[in-house]
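The values are calculated or read from the model by the stated rules, or taken from the named source; none is laboratory data. All values reported here derive from a predicted model rather than from experimental measurement. Using ideal geometry, Cβ is built from the backbone for each residue, glycine included, and neighbour counts are taken over all protein chains shown.
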Amino acid sequence: MEMDVGSLIKKCRKKAKMSQEALAHLMHTTQATISRVEKGLVTVEAKFLVKVSKVTNSEDVVIASLFSADAIMQAAQLVPMFIIGGFRLWI
């Protein structure tokens, strides 16, 4: 399941039971900026996502989304692998 950054930020905010205004205050920005980010109307740097995850205490949400089972399986398909004696060896 793919999730864009705006949706991920919204998920973090909702998990923390914060309004856009409350998150904006902690992020030192405006509610309008948070709204535009969540809607995908503006792009943000990775450090913005990291800061959101910290102020909302949602690092687990970010990690789970970035390293979802789908993403891991896609990455595994890109790396040559041998199965020897039940162990997977990536080269």
Q | Any pair with Cβ under 6 angstrom, 6 or more apart, that starts in the range 31-58 at a residue that is within 16 Å of residue 4 (Cα to Cα) and ends at one that is surrounded by fewer than 17 Cβ atoms within 10 Å (Cβ to Cβ) and at pLDDT below 90 | A | 37/44; 40/4; 53/59
(Q) With the requirement that a residue be of a type outside the set (Gly, Ala, Ser), in a helix (DSSP H, G or I) and surrounded by 15 or more Cβ atoms within 10 Å (Cβ to Cβ), what does the range 37-55 give you? (A) 37, 38, 48, 49, 51, 52, 55
